[in-house]
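Read through the structure below, which is laid out as C-alpha cells, and then see the notes.
The values are calculated or read from the model by the stated rules, or taken from the named source; none is laboratory data. Since the model is a prediction, treat every value here as computed from it, not as a measurement. Positions of Cβ are generated from backbone atoms using ideal geometry, with glycine treated the same way; all protein chains shown enter the neighbour counts. The accessibility values were calculated without ligands, DNA or RNA, using every heavy atom of the protein model including side chains. Shrake-Rupley method; radii C 1.70, N 1.55, O 1.52, S 1.80 Å.
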Amino acid sequence: MDGFLDETCGGVTELRVHGVSGTPPAGTLNHPHPRLVAGDGTTGFYRRWWAGGRPAGDHPDVPNARRREAYAWGGLTSGGRTIALWLLLLPFSLANLAYFMLPRPRGGRRLRHVTEGAQRLFALLLTGTLVGAVTRASVDLVGWQCTAAGRACTHDGAPAWVRWLGTLWGDEPSKRLAVTSLVPLLLVVLLWWIARRTWRRDERTVVPPPGASGGGRALELAGPLLARARLWHGGAPVWRLRVVHVAFSIAAIGLAVSAPFAGTAAGLALTVANAGVQLAAAVLVVLPWIARRLDPHSGDRIPAWLTLACHALRVAAPVVFLATFWSALSGMSPGGAGRPLGAVARQLPGVGIGAFQFALTLALGLFILVTTCLLARMDRTRGEPGAPRAMGGVAAWFVLMIAAGSANVLALGVLFWTATFFGVPGTSATPGPPERRLFLDDPVWWTAALVPVLVAGLLAVALVLNLIRRAKARALAPDLAPFYGERDAATVARTWAFASLTDRAGLVLAVLTGIGVAGFAVVTVIYQLRLYTPDGGVAGLLASLGSWAMTAVIVALALLGRRTYRDPRLRRTVGILWDVATFWPRAIHPLSPPCYTERVIPELVARVGKLAGTERDEVVLSGHSQGSVIVAALVPQLGPELRARVRLLTHGSPLRRLYAAYFPAYFGAPGLGAVRESVPWYNLYRLSDPIGGPVFGRVDPLALGPEREDGVDRFCWDPIRPGPGEPLPEARWHSDYWLEPAYDEALTRLITIEPAA
C-alpha cells in the first residue's frame, strides 16, 4: 500500500476510545485518513495513514516507538438496521439498568438475592405486558370483536385482509382466535431471533487466557465487582432467561385462545396446561442460579437439573401452544356446549389470569420498594459516608417503575391504535349495540387518563428547572467577572448553569415517578370501588386525550423506526440512547438490546495485551465520555503485569456524576479507588460539560485556579478566556477534549518511558 501506516506494536500507544453516537475513527484520531489494523467493520482498531509518506511534526506515528490508535465500537449500537426495532425494547433495557443500580451493602447478601429474584419476576411480567398488549389487540380486538358477525371488520369498508375472517368464520370465534394468535406469536419469534442473533454477533467473544485478565480466584471473590471476569461473560444465563421469557410469552398467547372455552373439557385442559407453563417459567425465573454468571476460569458449574428444566420448558411451551392452536382451529364452542352464540361477551372472556398478573405486579413493585429501601439504608450506614447516591440509593426502584410505565405506554398505545384503525374505541359502559365499537377495559382508559397528568407534571418540572438555572446563573456571574469581564460573564454563567442541571436528573425522575405512581394508585382505587366511569366529565376528557396521545406515540415510533432503518445518520443519533443503556449486560431481561461491553471488554483486553507485551511498552487508554466508562471497567480486568504498563486519561467522563451516583456498587468509591490505585490517571473536565465532570472531587476553579490542581482531576476553562479586546470563543461543551492544551500536557506526564525518535 502506498503512503505510510505504522503497523508495529512496540513502544508507546495512545489508544483512544470514543464516547456516544459512534464517533467515526477520523474524528477520534483527528486525522482524515484512518485505516483498519485489527478487528472488523463492527468493532475495530484504526491508525492514521499518510498519503505522502512518513510524517513529521507534532505527534507523528513512529514505528516501534509511538503511535495513536482508535478503537471504534459504535457499530454495535448504531451500525445495524435492527436498531430501528430496539426502540420498542426500552422497558427491557431499563429493567436491566435497575438491576445494576441495586445497592450491595455488606451483610445484605440474602436480602439482595431475594430482591434480585423479585426484579427478575418483575422483568418477566414486563415481557408479559408488551406481548399481552399485542395479543389483546390481535386476539381480542380483531379476532373476538372486530371480525364477529355484524361487527366492524365485516363491513365492506373494512380491510380485505381481516374481513375474510368474519366472512368465513363470523360465528366461529375459536377459529378466528387461532388465526389472530399467529400475530403475537410472530412477535415473540422475532424477539427471540433478534436476542439470539445479537448475542451470537455482539456478545459471544473468546475469553482471554487467565494470564491476560485480572484474574485469579482470590480477586474474583474479594476484589471490586468491576474486576470480576464473570461480569462480561453471560452466554449461559442469558440463554436460560431467554428460554423462560419466550416460554412465558408463548403460554400467554395460548391462554388468550383457550381461556374463553374453559367451559369445555378440551378448553379447560389447554387453559390449565398454558397456565402451568407460565407458572413453571415464573418459578424458574426467581431461582438464584437461573441468572448466575460464573468466572470463565473457575471451573464452577450450574446444576444439571436447572439446564434440564430449561430444555423441558423450551419444548413444553410450543407443544402446548400447537395443541391449543389446533384445537381452536378445529372449532370449540364458547362457554361450553349448548350456550347460544348470542350470549357471547362483547370482549374476550378470560379466567382471571390478567387480573392476577396485575395484582402480582403491584405486589412486586411494593415489595421491591421496601427491600430496596432496606438495602439502601444498610448501604448508607455500612458504606462510605458522603458517597454520591442518586435518590438516596433507591434509584433502582424508580428506574424499574419507569420501565413499567414506558411498557404500559407502549402497550396501551398498541391497543388504542388498533381500536382506532379498525373501529371506534369504547368503554365497557358504552350503551347500545356494538356495531363499529371495539371495547377496551376500564383500567385501560383510566391509565390513559394519567398521560395528560404526567405531561402537566413534566411541564411543571421543566419550569422549576428553568428557574433553578436562572438563579444559579445570576449567582455565578459576579464570580466570573474577574476572569471573563463584565460583558461575557453572564453568558458563561448561563452556560455553566445549564450544564449543572444534569445533577438534578434524580430529582426529575423522582418527581415524575412519584406523580405516576400516585396517580396510578388513585385511579386503581376509583376503579376498584367503582366511584366513577372514564366515559364522561373530566375523567372522560383526560382519558380521551391520553388515548390520542398514546396512539400518537405508537405512530411516531413507527415513523421514527422506518427512518432509522433507512438513515445511517439517524441510527447514530438514536444509538446514543443505547450507548448508555446497553453498557450493562442482559442480567435480568434477555430480550433487551445486546450489551456491547461483553464484546468490547474482551477485545480491549486482548489488544492491550498485544500492545504492552514487554516492559519497554506502554499503553495510554484515552477514553472520552462513555469511552471513559469502558476504559475504567477495563483496567480491573487486566493482569498485574499489564496494569503496570497501562496509563489512564479520561475526559468528559460521567464516572462520578452519573455512574458512581446511580451504580455505586460498581463505580462507587471501592471500584474507582481500585482503578486509581492500579494505574496512573488524569481526568479532564469542564463546568460547561452537561455530561462529564470530576471523578474524585470537584476543584473550584474560581478559588484555586488550574495551576494549583493536583491528583486525578484537571479543570479546563470553557469557553476559553479571551485576550484583551478579543471576542468570547464558542463553548465546546462536551466535545473536542483531544484539542485541549491540558490533554497534551496530561499525556506527556503519563508517559514514563522515553520513546525512540
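Looking at the stretch 277-291, can you tell me whether even one residue there is crowded, with 18+ Cβ neighbours inside 10 Å, under 30 Å from Thr77 (Cα atoms) and modelled with pLDDT under 85?
yes
Which of the residues belonging to the stretch 160-193 are without any contact (Cβ under 8 Å) to a residue 24 or more places away in the chain and not in a helix (DSSP H, G or I)?
Gly170
Conditions (1) surrounded by 16 or more Cβ atoms within 10 Å (Cβ to Cβ); (2) part of a helix (DSSP H, G or I); (3) free of Cβ contacts under 8 Å to residues at least 24 places away in the same chain; (4) touching a Phe, Trp or Tyr at 6+ places or on another chain (Cβ under 6 Å), marked per residue:
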| residue | (1), (2), (3), (4) |
| --- | --- |
| Pro478 | no, yes, yes, no |
| Pro482 | no, yes, yes, no |
| Asp488 | yes, yes, no, no |
| Ala493 | yes, yes, yes, no |
| Trp496 | yes, yes, no, no |
| Ala499 | yes, yes, no, no |
| Ile515 | yes, yes, no, no |
| Gly519 | yes, yes, no, no |
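When the stretch 618-648 is examined, which residues are found to be touching a Gly at 6+ places or on another chain (Cβ under 6 Å) and among the acidic types (Asp, Glu)?
Hits for the stretch 618-648: nothing passes.
Tell me whether the stretch 423-437 contains one or more residues that are open to solvent by less than 30 Å² (accessible area, probe 1.4 Å) and assigned to a helix (DSSP H, G or I).
Looking for residues that are open to solvent by less than 30 Å² (accessible area, probe 1.4 Å) and assigned to a helix (DSSP H, G or I), one finds none in the stretch 423-437, hence no.
So, in the stretch 585-605, how many residues would count as being touching a Leu at 6+ places or on another chain (Cβ under 6 Å), part of a loop (DSSP other than H, G, I, E, B) and under 17 Å from Arg230 (Cα atoms)?
2
So which residues in the stretch 114-129 are open to solvent by 20 Å² or more (accessible area, probe 1.4 Å) and either among the charged types (D, E, K, R) or under 16 Å from Ala376 (Cα atoms) (or both), if there are any at all?
Val114
Being in contact with a Leu (Cβ under 7 Å, 6 or more places away or on another chain) and within 23 Å of Ala612 (Cα to Cα) narrows it down to one of Pro640, Pro680, so name that one. Talk me through it step by step, then tell me what you get.
Working: Pro640 fails: in contact with a Leu (Cβ under 7 Å, 6 or more places away or on another chain).
Testing whether each residue is in contact with a Leu (Cβ under 7 Å, 6 or more places away or on another chain) and within 23 Å of Ala612 (Cα to Cα) leaves just Pro680.
Given (1) touching a helix residue (DSSP H, G or I) at 6+ places or on another chain (Cβ under 8 Å); (2) modelled with pLDDT of 80 or more; (3) part of a loop (DSSP other than H, G, I, E, B), where does Arg721 come up short, assuming only one miss?
(2)
I need the helices (runs of 4 or more DSSP H) fully contained in the stretch 34-136, keeping only those with at least 1 residues that are over 29 Å from Leu231 (Cα atoms) and not β-branched (Val, Ile, Thr). Explain how you work it out, then say what you get.
Working: elements: 75-78, 83-86, 90-101, 109-135.
Passing ranges, in order: 109-135.
Could you grab the pairs with beta carbons closer than 6 Å, sequence gap of 6+ or different chains, first residue in the stretch 434-451 and more than 23 Å from Ala158 (Cβ to Cβ) and touching a residue at least 12 places away in the same chain (Cβ under 8 Å), second one open to solvent by 30 Å² or more (accessible area, probe 1.4 Å) and assigned to a helix (DSSP H, G or I)?
Asp442/Tyr527; Pro443/Tyr527; Trp446/Tyr527; Ala449/Leu542; Val451/Ala549
Counting only residues that are open to solvent by less than 30 Å² (accessible area, probe 1.4 Å), outside any helix (DSSP H, G or I) and modelled with pLDDT of 85 or more, how many does the stretch 665-686 have?
6
Scan Asp202, Asp171 and give me the residue that is at pLDDT below 75 and out of contact with any strand residue (DSSP E or B) (no Cβ under 7 Å at 6 or more places or on another chain). Reasoning before the result, please.
On the way: Asp171 fails: at pLDDT below 75.
Exactly one of Asp202, Asp171 is at pLDDT below 75 and out of contact with any strand residue (DSSP E or B) (no Cβ under 7 Å at 6 or more places or on another chain), namely Asp202.
Residue by residue through the stretch 79-113, note down the ones that are under 19 Å from Phe583 (Cβ atoms), modelled with pLDDT under 80 and either open to solvent by less than 10 Å² (accessible area, probe 1.4 Å) or among the basic types (Lys, Arg) (or both).
Ile83, Trp86
For (1) under 24 Å from Arg228 (Cβ atoms); (2) surrounded by fewer than 23 Cβ atoms within 10 Å (Cβ to Cβ), each residue gets a yes or a no:
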position: Leu621; (1), (2): yes, no
position: Gly627; (1), (2): yes, no
position: Val631; (1), (2): yes, no
position: Gly639; (1), (2): yes, yes
position: Ala644; (1), (2): yes, yes
position: His651; (1), (2): no, no
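Under 6 Å between Cβ atoms, which residue pairs at least 6 apart in sequence (or on different chains) link something in the stretch 632-652 that is free of Cβ contacts under 8 Å to residues at least 60 places away in the same chain and closer than 16 Å to Phe667 by Cα with a partner that is hydroxyl-bearing (Ser, Thr, Tyr) and crowded, with 23+ Cβ neighbours inside 10 Å?
Thr650/Ser628
Which number in (1) free of Cβ contacts under 8 Å to residues at least 12 places away in the same chain; (2) part of a helix (DSSP H, G or I); (3) of a type in the set (Lys, Arg) marks the one condition that Arg301 misses?
Only one criterion is unmet by Arg301, namely (2).
Within the stretch 176-199, track down each residue that is open to solvent by less than 40 Å² (accessible area, probe 1.4 Å) and either at pLDDT 90 or above or over 25 Å from the mean Cα position of the chain (by Cα) (or both). Give the derivation first.
Of the residues in the stretch 176-199, the ones open to solvent by less than 40 Å² (accessible area, probe 1.4 Å) are 176-181, 184-185, 188, 191, 194-195, 198.
Of everything in the stretch 176-199, those that are open to solvent by less than 40 Å² (accessible area, probe 1.4 Å) and either at pLDDT 90 or above or over 25 Å from the mean Cα position of the chain (by Cα) (or both) turn out to be Arg176, Leu177, Ala178, Val179, Thr180, Ser181, Pro184, Leu185, Val188.
Quick check, is Ala72 over 30 Å from Asp736 (Cα atoms) and under 23 Å from the mean Cα position of the chain (by Cα)? Spell out how you get there, then give the answer.
Details: over 30 Å from Asp736 (Cα atoms): no; under 23 Å from the mean Cα position of the chain (by Cα): yes.
Criteria not met by Ala72.
Regarding Arg48, is this residue farther than 23 Å from Val580 by Cβ, modelled with pLDDT of 85 or more and surrounded by fewer than 24 Cβ atoms within 10 Å (Cβ to Cβ)?
Details: farther than 23 Å from Val580 by Cβ: yes; modelled with pLDDT of 85 or more: yes; surrounded by fewer than 24 Cβ atoms within 10 Å (Cβ to Cβ): no.
Taking the combined requirement at face value, the residue does not satisfy it.
Of the conditions (1) at pLDDT below 75; (2) exposed (fewer than 14 other Cβ atoms within 10 Å of the Cβ), Val525 satisfies every one except a single condition; which number is it?
With (1) at pLDDT below 75; (2) exposed (fewer than 14 other Cβ atoms within 10 Å of the Cβ) applied to Val525, the lone miss is (1).
Please go through (1) open to solvent by 10 Å² or more (accessible area, probe 1.4 Å); (2) closer than 17 Å to Arg47 by Cα; (3) in contact with a Cys (Cβ under 9 Å, 6 or more places away or on another chain) for Ala612 and return the number of the only condition it doesn't satisfy.
It is condition (1) that Ala612 fails.
Would you confirm whether any residue within the stretch 333-355 is β-branched (Val, Ile, Thr), modelled with pLDDT of 85 or more and surrounded by fewer than 23 Cβ atoms within 10 Å (Cβ to Cβ)?
Within the stretch 333-355, the subset β-branched (Val, Ile, Thr) is 344, 351, 353.
From the residues that got through so far, the ones that are modelled with pLDDT of 85 or more too are none.
Checked against the condition, which is being β-branched (Val, Ile, Thr), modelled with pLDDT of 85 or more and surrounded by fewer than 23 Cβ atoms within 10 Å (Cβ to Cβ), the stretch 333-355 yields no hits at all.
List pairs: first in the stretch 41-63 and under 20 Å from Asp2 (Cα atoms) and without any contact (Cβ under 8 Å) to a residue 12 or more places away in the chain, second of a type in the set (A, V, I, L, M, F, W, C) and open to solvent by 40 Å² or more (accessible area, probe 1.4 Å), Cβ under 9 Å, 6+ apart or cross-chain?
From the stretch 41-63, the pairs are Pro60/Trp50.
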